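Asker: Questions regarding the structure given below will be posed in turn.
The numbers here are math on the coordinates, done by the rules we state, and not lab data. All figures in this text were calculated on a predicted structure; none of them were measured in a lab. Glycine gets a Cβ as well: all are built from the backbone with ideal geometry, and neighbour counts include every protein chain shown.
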Amino acid sequence: DTAVSQTPKYLVTQMGNDKSIKCEQNLGHDTMYWYKQDSKKFLKIMFSYNNKELIINETVPNRFSPKSPDKAHLNLHINSLELGDSAVYFCASSPLAELNEQFFGPGTRLTVL
Amino acid sequence: AQSVTQLGSHVSVSEGALVLLRCNYSSSVPPYLFWYVQYPNQGLQLLLKYTSAATLVKGINGFEAEFKKSETSFHLTKPSAHMSDAAEYFCAVSGGNQGGKLIFGQGTELSVKP
C-alpha cells in the first residue's frame, strides 16, 4: 500500500526535451507539493496544490508546469529541459493544516544530458 | 520570513554513543518544527514534530528534540546510536499561514562507526 507514489523513479533525457513526472497519493489528503533536491541534497519547495488549486508557486522557471487533475494527483511537466534541471524531484502530500506532517514519495531522479 | 540552519553538514559517532544534531531556526511567527530522515535513495520520513504543545518532543526510533524558544533551537538527540541510524537528517520549519510550505535546512549526514 504505497501512500505517495511517483513515476518514473529514474528519468534520463537529452537537453531540450519535454518530460513529465507523475505523482499519486492514496491518503485522502487535500494538499500536494513538489520539492526539488539538488546535488548537494538541498530541498526546496516548487509548488503546492490544495484540492486542485495552486496555492504556492515559488520562483520556478515557467518551463515547469504542475497539473492537478484531481486532488489525488499532481503531475509535473518540464519543457525544454536544461542541464541544471538535473535533480531529484519529490512529491509530498498532507492534510490541509500547517502542523500536519507531509508524506513524501520515493523521488524521481532526473538526469539531463 | 523563515529559515533553518543546521550546524554541521556531517556528524560521525560511534555505535552506542549519543547522537546530537543541531538545528536553529528563524521565524517571525510561532514556528512549527520538524525533523525528517532520508535513507539513501529514498524519500523523507518524519521523525518528529513540534506544534506548540510540549517543548520536549519524542519521535520514532528513539529520537527526541527539545524546542527552546530563547535559543531558537530544535536540536535532535538520541541516547545511543545504532548502525541503522546512518542517514541524512533534515530540520524544517513552517508556519505563518504559508500553505504548509516547509523550509528545510541544509541537512546533516550522520555516520555511525562500529
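Asker: Fewest to most neighbouring Cβ within 10 Å: what's the order for A:49, A:10?
Answerer: Placing the least packed residue first, the sequence is A:10, A:49.
Asker: Based on the Cβ-Cβ distance from residue B:66 to residue B:9, what FRET efficiency comes out when R0 is 22 Å, to the nearest 0.05?
Answerer: 0.50
Asker: Just the number: Rg to Rh for chain A, Cα atoms, Kirkwood Rh, two decimals.
Answerer: Reported Rg/Rh (Cα atoms, Kirkwood Rh): 0.95.
Asker: Counting other C-beta atoms within 10 Å, which of A:55, A:78, A:45 has the fewest, and how do the rest follow?
Answerer: Result, fewest neighbours first: A:55, A:78, A:45.
Asker: Another one. Once label points are set 7 Å from the Cα along Cα→Cβ at both residue A:53 and residue A:67, what is their separation, rounded to one decimal in nm?
Answerer: 2.2
Asker: Same structure, new question: Quick check: net charge around residue A:93, other residues with Cβ under 11 Å of its Cβ, Lys/Arg +1 and Asp/Glu -1?
Answerer: Summing Lys and Arg as +1 and Asp and Glu as -1 gives -2.
Asker: While we're on this one: In which sequence would B:85, A:30 go, from the one with the fewest C-beta neighbours within 10 Å to the one with the most?
Answerer: Lowest count first: A:30, B:85.
Asker: Counting only other chains, what is the mean number of Cβ atoms within 10 angstrom of the Cβ of each residue in peptide B:44-50?
Answerer: 4
Asker: Rounded, prolate or oblate: which fits chain B when a ≥ b ≥ c are the square roots of the eigenvalues of the alpha-carbon gyration tensor, with rounded for a/c under 1.5 and prolate only if a/b beats b/c?
Answerer: Prolate.
Asker: Let me ask you something else. Take residue A:14 and residue A:2, extend 7 Å from each Cα along the Cα→Cβ direction, and tell me the distance between the two endpoints in nm.
Answerer: Going from the residue A:14 label point to the residue A:2 one covers 2.9 nm.
Asker: Something else now. With N denoting the number of residues in the protein assembly as shown, provide Rg(C-alpha) divided by 2.2 N^0.38 Å, to two decimal places.
Answerer: Taking N as the residue count of the protein assembly as shown, the ratio is 1.01.
Asker: Which trypsin sites (Lys or Arg not before Pro) in the stretch B:1-90 sit in a loop by DSSP (not H, G, I, E or B) and have at most 15 other Cβ atoms within 10 Å of their own Cβ?
Answerer: B:69
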